[in-house]
Each structure stands twice: as C-alpha cells, then as structure tokens.
Amino acid sequence: MTNKTITIKRPFDSHVHLRRGAVLRAVAKYTAERFGRGIIMPNTEPPIDTVEQALEYRKEILSAVSSYASVLQNTSIDTAKFEPLMTFYLTKKLSPKDIEKGASGDVCKIYAVKSYPYGATTNSQWGYRNILEAKDVLREMENVGMPLLLHGEVHLNANDEEEDPYDGEKMFIADVLPRLLDKYPKLKVSLEHMSSAEAIDFMEKNGAVDKLVTTVTPHHLMYDRRQAFSGGYRALLHCKPLVKTREDKERLLAMVKKGLPFVSAGTDTAPHPESKKFSSCCAFGVFNSPVALELYTQVFDELGCLDKLEGFLSVNGPRFFGLEPLTATITLVKEDWQVTEPVVTEEGVKIWSLCHKDHGLGNEVIHWKIKSGS
Ligand code: NCD
Ligand code: ZN
C-alpha cells in the first residue's frame with residue numbers, strides 16, 4: 001500500500017441485488033469486476049424461495065457474468081470468476097424442509113435467508129408483518145446454522161398504519177431484534193445496511209463474529225438527508241433504510257474506522273429502470289455497483305484507515321458465511337474520474353448510477369479507480 005495505490009484480496013459483497021433478465025445482464029458486470037463473490041438478494045419477481053428457483057437464478061447470473069469480455073476497464077479482471085452465493089426470501093411458503101434442502105446443497109447451496117418486513121421496501125409484499133411468526137423456519141435455521149439476514153425496520157404498527165420511516169430501524173432495534181435474539185439464542189443474524197446511531201449502539205455492544213454481524217453500504221457512509229433534500233428530492237439516493245442525519249452518518253464513519261471484525265461491506269446495490277426511479281412514486285434502491293468499491297476506498301482513505309479496508313471488504317463478510325477470503329487480489333489507484341453515462345440495457349432502458357455527474361449529488365468526482373486485478 002502507498003498513498004496512491006492499494007491492493008487487497010478480492011472483495012466480498014454481503015448484500016447485492018442483481019435482478020433478472022435484461023437488467024441483470026446489464027448490471028452484473030459492475031459487481032463482478034469489483035467483487036469476487038456476492039450474497040445475492042432474493043427479492044426478485046417471483047421471489048426465490050425454493051432450491052430449484054435458486055439454482056435457476058444462479059445459472060442465469062453465471063451465464064451473464066461469463067458473457068462479458070474478460071478484460072474490463074483495461075484491467076485483467078475476469079468477471080466469469082464471480083461466484084453468486086444464493087439466498088432464500090423469508091416468504092410464508094418457506095418451510096423447514098426448504099431450509100434443510102438449502103443447507104444440504106444437493107440442488108443449490110443456500111447461504112442465508114433474507115427477511116423483508118411486509119410493505120417496507122421493493123418487492124416486500126411477500127414478507128412477514130412480524131418476523132417472530134416464522135417460528136418453525138427460524139428454529140430449523142438455528143439447527144442447521146443458516147444465517148438470517150435482516151432488513152431491520154418496523155414498517156407497520158399493530159393497526160397496519162405506517163410508522164415514520166425515519167424511525168423504523170430505531171424501533172426494530174429497540175423492540176424486535178432483542179426478542180428475536182432472545183428466542184433464538186443460537187441463530188446467526190446479520191443486521192443489513194445499518195443506518196442509525198441506535199443500530200450502531202446496539203451492534204457495538206452486542207456484535208460478535210460468527211453470531212451477530214452487520215453490513216454497511218457506501219451510500220450510508222457518504223450521504224445524509226441534507227444531500228437527499230438538496231435542491232429538491234434526490235431520487236438516486238432514495239432507498240431503504242433512508243439515509244439519515246449527519247450525526248448518524250458520522251457515527252457510521254466512526255464505527256467502520258474501528259475495524260470491528262463483525263462489520264462488513266454490503267453494497268445494497270439495487271438497480272431500477274429510469275421509469276421507476278424517476279416516477280412520482282420513486283422506487284427504493286441505490287444503484288451503486290459501478291462506484292461501490294471505489295467509494296468505500298475513498299471513505300477509508302479520508303478516514304485515514306486504509307489499513308482496515310481489506311478486513312471490511314474481503315475478510316469479515318466471508319468469515320460469517322463460513323468461507324475463507326479469496327487469494328486473488330484487486331488494485332485501486334488514487335485517480336479522479338466521473339460517471340458520465342447511465343447503464344443501458346439491451347432493450348434501451350437506462351439505469352442511473354449513484355454519483356452520475358448530471359444528477360449532481362455533491363460527490364460527482366470519485367477519487368479512486370480500479371487499476372488491475374487477478
Ligand atoms: C432494495 C431493492 O430495490 O430491491 N431497495 C432498497 O432501497 N434498499 C430492497 C432492500 O434491500 O430494501
Ligand atoms: Zn437490499
């Protein structure tokens with residue numbers, strides 16, 4: 001490592017939405033050139049909740065990543081080496097038998113189950129209103145050691161009224177998470193995309209390698225709601241959990257700077273077609289894969305803790321899923337660049353990345369760039 005370049009083991013994305021069909025084929029390369037492996041989110045339409053569907057989806061991803069020219073951005077990175085690690089959506093249909101099948105890996109290895117609170121975010125209509133109702137599935141996951149990935153927000157109250165979306169994570173931490181951990185003491189749990197001081201307090205107190213971990217996105221590290229509302233509402237930053245206050249963001253930065261072994265990178269890259277992103281009812285999700293690794297590096301550089309980057313990006317994530325870090329590497333160089341184009345699907349649909357220069361969120365110039373990889 002010098003002031004100008006850094007080489008780390010190939011990163012692991014603990015939380016990535018790749019979608020299906022034309023969108024998948026357009027976006028997957030941005031993840032595959034930056035990350036060696038990714039935990040693939042199951043909130044597709046229909047959701048992934050059988051090993052057969054997971055297998056079919058895995059094949060679709062592998063076919064997409066192997067279809068790109070192997071040399072991207074003039075690097076030697078081969079996207080075909082990307083390994084998608086599949087998950088189940090915690091739908092009402094998911095049964096203990098599915099967990100058993102997924103854990104065995106006979107048809108398709110399932111690495112985790114993702115819970116979405118009903119109605120809270122994109123394609124969450126198949127989720128439970130109250131995760132504690134999924135008793136038999138949670139018990140079986142505890143038995144076989146399959147991790148539960150939490151979208152940790154309370155969305156609806158007992159009368160089915162929406163809670164304040166800025167308070168959803170805080171409420172989940174205060175109420176639901178302690179009960180869940182109490183009831184299933186051996187369950188492996190990851191609190192995804194943490195965004196609030198309350199979540200940080202909880203994790204700093206209770207986080208434990210292999211047991212209770214958390215993931216952090218680049219956008220929650222870089223933005224707060226002042227930017228989300230600057231000059232009108234910024235659709236590219238609209239996601240769940242919402243980006244929060246400056247204080248919440250500063251607490252997140254201070255936490256990653258500590259290099260805690262139970263904190264890892266989960267980009268939550270979540271592409272949406274332009275028509276959905278810029279509609280009056282703007283879709284939740286930040287498409288950040290074209291810039292995610294670069295932004296994490298930039299944040300760690302600005303914090304003066306580039307020595308903690310490899311643990312956060314490449315070691316802590318796989319460890320939670322029982323995997324070794326990769327031996328292949330990626331090298332980034334300190335060099336300014338901009339995102340000047342949208343990603344366009346084969347059907348001509350545009351998908352706008354975070355930091356695109358024309359959508360001016362205040363960080364259009366990115367200070368780190370991928371140089372090479374093995
Ligand atoms: C995600 C999506 O679009 O699939 N959106 C988001 O805002 N993060 C779903 C999710 O992870 O909440
Ligand atoms: Zn997500």
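The values are calculated or read from the model by the stated rules, or taken from the named source; none is laboratory data. As the structure is a prediction and not an experimental result, all values here were calculated from the model. As a convention, Cβ positions derive from the backbone with ideal geometry for all residues, glycine included, and neighbour counts pool all protein chains shown. Protein only, heavy atoms only, side chains kept; ligands, DNA and RNA dropped before computing areas. Shrake-Rupley method; radii C 1.70, N 1.55, O 1.52, S 1.80 Å.
Side notes on the structure shown:
- For region 253-270, a residue qualifies if it is touching a strand residue (DSSP E or B) at 6+ places or on another chain (Cβ under 9 Å) and either more than 16 Å from ligand 2 (Cβ to nearest atom) or farther than 17 Å from Leu354 by Cα (or both), and the qualifying residues are Met255, Val256, Leu260, Pro261, Phe262, Val263, Ser264.
Residue by residue, here is whether (1) closer than 17 Å to Asp248 by Cβ; (2) surrounded by 21 or more Cβ atoms within 10 Å (Cβ to Cβ); (3) within 16 Å of ligand 1 (Cβ to nearest atom); (4) in contact (Cβ under 8 Å) with a residue 24 or more places away in the chain holds:
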{"position": "Glu192", "(1), (2), (3), (4)": "yes, yes, yes, yes"}
{"position": "Ser196", "(1), (2), (3), (4)": "yes, yes, yes, yes"}
{"position": "Ala199", "(1), (2), (3), (4)": "yes, yes, yes, yes"}
{"position": "Asn206", "(1), (2), (3), (4)": "no, no, no, yes"}
{"position": "Asp210", "(1), (2), (3), (4)": "no, no, no, yes"}
{"position": "Val213", "(1), (2), (3), (4)": "no, yes, no, yes"}
{"position": "Thr217", "(1), (2), (3), (4)": "yes, yes, yes, yes"}
{"position": "His220", "(1), (2), (3), (4)": "yes, yes, yes, yes"}
{"position": "Ala228", "(1), (2), (3), (4)": "yes, no, yes, no"}
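- Scanning region 236-252 for residues that are out of contact with any strand residue (DSSP E or B) (no Cβ under 7 Å at 6 or more places or on another chain), within 10 Å of ligand 1 (Cβ to nearest atom) and not aliphatic (A, V, I, L, M) yields His238, Lys240, Pro241.
- Matching residues, region 267-292, being hydroxyl-bearing (Ser, Thr, Tyr) and farther than 16 Å from Leu242 by Cα: Ser275, Ser279, Ser280, Ser289
- Summed over region 58-83, the residues that are acidic (Asp, Glu) and either farther than 29 Å from Ser190 by Cα or buried (at least 22 other Cβ atoms within 10 Å of the Cβ) (or both) give a count of 1.
- Residue ranges of helices (runs of 4 or more DSSP H) in region 57-174 with at least 2 members within 16 Å of ligand 1 (Cβ to nearest atom) and modelled with pLDDT of 95 or more: 168-171
- Yes/no for His238 being touching a Cys at 6+ places or on another chain (Cβ under 8 Å), of a type outside the set (Phe, Trp, Tyr) and open to solvent by less than 10 Å² (accessible area, probe 1.4 Å): no
- Exactly one residue out of Val349, Val344, Val299 is open to solvent by less than 20 Å² (accessible area, probe 1.4 Å) and in contact with a helix residue (DSSP H, G or I) (Cβ under 8 Å, 6 or more places away or on another chain): that is Val299.
- Of the helices (runs of 4 or more DSSP H) lying entirely inside region 237-339, those containing at least 2 residues that are more than 15 Å from the chain's Cα centre (by Cα) and under 26 Å from Arg25 (Cβ atoms) span 274-277.
- Across region 293-319, the number of residues qualifying as within 16 Å of ligand 2 (Cβ to nearest atom) and out of contact with any strand residue (DSSP E or B) (no Cβ under 6 Å at 6 or more places or on another chain) comes to 0.
- Checked against (1) surrounded by fewer than 17 Cβ atoms within 10 Å (Cβ to Cβ); (2) in contact with a Cys (Cβ under 9 Å, 6 or more places away or on another chain); (3) over 27 Å from Pro273 (Cβ atoms), Leu55 passes all but condition (3).
- Residues that are away from ligand 2 (no atom under 16 Å from the Cβ) and either of a type in the set (A, V, I, L, M) or in contact with a Pro (Cβ under 8 Å, 6 or more places away or on another chain) (or both) within region 31-53 comprise Ala32, Arg34, Gly36, Arg37, Asp49, Val51, Gln53, listed in sequence order.
- Inside region 18-27, residues that are within 16 Å of ligand 2 (Cβ to nearest atom) and either open to solvent by 10 Å² or more (accessible area, probe 1.4 Å) or in contact with a helix residue (DSSP H, G or I) (Cβ under 6 Å, 6 or more places away or on another chain) (or both) make up a count of 5.
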